[in-house]
Amino acid sequence: MELMLAVILGFMIIAAIYAIHAKDLLSAIIAQGFVGYGLVICFLLLRAPDIALVQIVVETITLIFMVAVVLDSTRKELDVQVDRKQYRIAGLSVLFMLVLLFYFNRIIAPLDGFGEHSMRMAEAYAEGAGQTGAINLVAGVLWDFRGYDTLGEAVVLFAAAIGVVTIFRLTGKN
Amino acid sequence: MTLFIMCFLLFLTGIYGVLTRRNLIKVVISLTIMEFSLFLMLAMIGYISGGEAPILAGTIIPAAPVVDPLPQAMVLTAIVIALATNAMLLTIAIRLYKKYGTFDIREINELKG
């Protein structure tokens with residue numbers, strides 16, 4: 001179980017590195033799709049069918065959108081001439097990652113190990129399943145206990161849709 | 001613990017892409033990869049060994065322990081919001097491409113105004 005997850009995660013990391021370094025934008029996007037669908041398999045292994053379904057739908061929409069964007073353009077990755085400035089940027093980002101590693105250590109310390117999670121937060125939600133009448137606990141949390149969160153999510157989605165339509169309709173000066 | 005560290009490696013890959021790439025589409029891809037690693041991290045935190053999906057079939061009290069439904073619900077919300085932000089980013093990238101004819105951030109900076 002843990003091994004299977006680790007293998008898929010390893011493939012996802014390789015695909016992510018390829019997506020960042022690919023010469024052709026279309027292959028970069030396909031590699032990104034590999035990462036997204038690998039995430040679906042990870043969710044299924046982690047016993048989370050709801051987010052797996054949502055992730056399939058979202059990943060497909062994102063991929064279609066990205067392919068539409070890229071096929072409309074030159075597709076070629078910019079010629080990357082290796083100059084001193086780029087080395088400086090790479091060095092700075094590695095430094096930034098080391099700082100992040102420190103924070104990761106601080107975050108990971110109070111967590112339970114993988115697979116040994118205690119349900120201290122979710123006990124009330126699990127007990128409330130009888131009151132909500134929802135067979136699916138995730139749906140119970142989303143639509144009953146945290147209904148306002150879901151409302152906010154819908155608001156964000158509509159705001160984004162309005163933003164996309166507005167930006168597309170702008171004529172602008174060329 | 002190994003899995004958490006691998007998740008963090010995926011996150012670092014995304015951060016490296018955001019910081020070093022000059023192509024707008026590559027930056028969007030890197031941001032998406034960062035989001036993926038965060039979703040996976042949250043889903044992993046809620047996992048219990050030998051647990052079942054948090055769906056109670058028939059009886060109220062299941063035989064095996066169920067995994068934590070709370071992180072899953074939060075991740076569900078986060079995925080949809082990530083879709084919204086991605087759509088916005090890509091739309092802005094299309095507009096910039098139509099105006100300047102390139103995805104290169106440096107050239108867009110030079111042609112400003």
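Here are the criteria: (1) under 25 Å from the mean Cα position of the chain (by Cα); (2) outside any loop (DSSP other than H, G, I, E, B); (3) of a type in the set (A, V, I, L, M). Tell me which single one A:ALA126 does not satisfy.
Looking at each condition in turn, A:ALA126 falls short on (1).
Based on this model, can you work out whether A:PHE43 counts as within 18 Å of the chain's Cα centre (by Cα) and within 8 Å of another protein chain (Cβ to nearest Cβ)?
yes
Consider A:ALA134 against the criteria (1) more than 7 Å from every other protein chain (Cβ to nearest Cβ); (2) farther than 24 Å from A:ALA22 by Cβ; (3) in a helix (DSSP H, G or I); (4) aliphatic (A, V, I, L, M): it satisfies all of them except one. Which criterion is unmet?
A:ALA134 satisfies every listed condition except (3).
Take region A:3-38 and flag every residue that is under 15 Å from the mean Cα position of the chain (by Cα), under 18 Å from B:ILE15 (Cα atoms) and hydrophobic (A, V, I, L, M, F, W, C).
Within region A:3-38, A:LEU9, A:MET12, A:ILE13, A:ALA15, A:ALA16, A:ALA19, A:ILE29, A:ALA31, A:VAL35 meet the criteria.
Report yes if B:SER37 is of a type outside the set (A, V, I, L, M, F, W, C), within 30 Å of A:ARG75 (Cα to Cα), more than 7 Å from chain A (Cβ to nearest Cβ) and within 12 Å of the chain's Cα centre (by Cα), otherwise no.
Here the answer is yes, as B:SER37 does meet what is asked.
Does B:ILE55 satisfy the criteria of being within 7 Å of chain A (Cβ to nearest Cβ) and surrounded by fewer than 19 Cβ atoms within 10 Å (Cβ to Cβ)?
Judged against the criteria, B:ILE55 is a match.
What number goes with the only condition from (1) of a type in the set (Asp, Glu); (2) without any contact (Cβ under 8 Å) to a residue 12 or more places away in the chain; (3) closer than 19 Å to A:VAL138 by Cβ that B:ASP68 does not pass?
Failing condition for B:ASP68: (2).
Kindly indicate whether any position in region B:88-104 is farther than 24 Å from A:VAL58 by Cβ, aromatic (Phe, Trp, Tyr) and free of Cβ contacts under 8 Å to residues at least 60 places away in the same chain.
Yes, because at least one residue in region B:88-104 is farther than 24 Å from A:VAL58 by Cβ, aromatic (Phe, Trp, Tyr) and free of Cβ contacts under 8 Å to residues at least 60 places away in the same chain.
Throughout, read-outs are computed from the coordinates displayed, never taken from laboratory work. Keep in mind it's a predicted model, so treat the numbers as computed, not measured. Backbone-built Cβ (ideal geometry, glycine too); neighbour counts: all protein chains shown.
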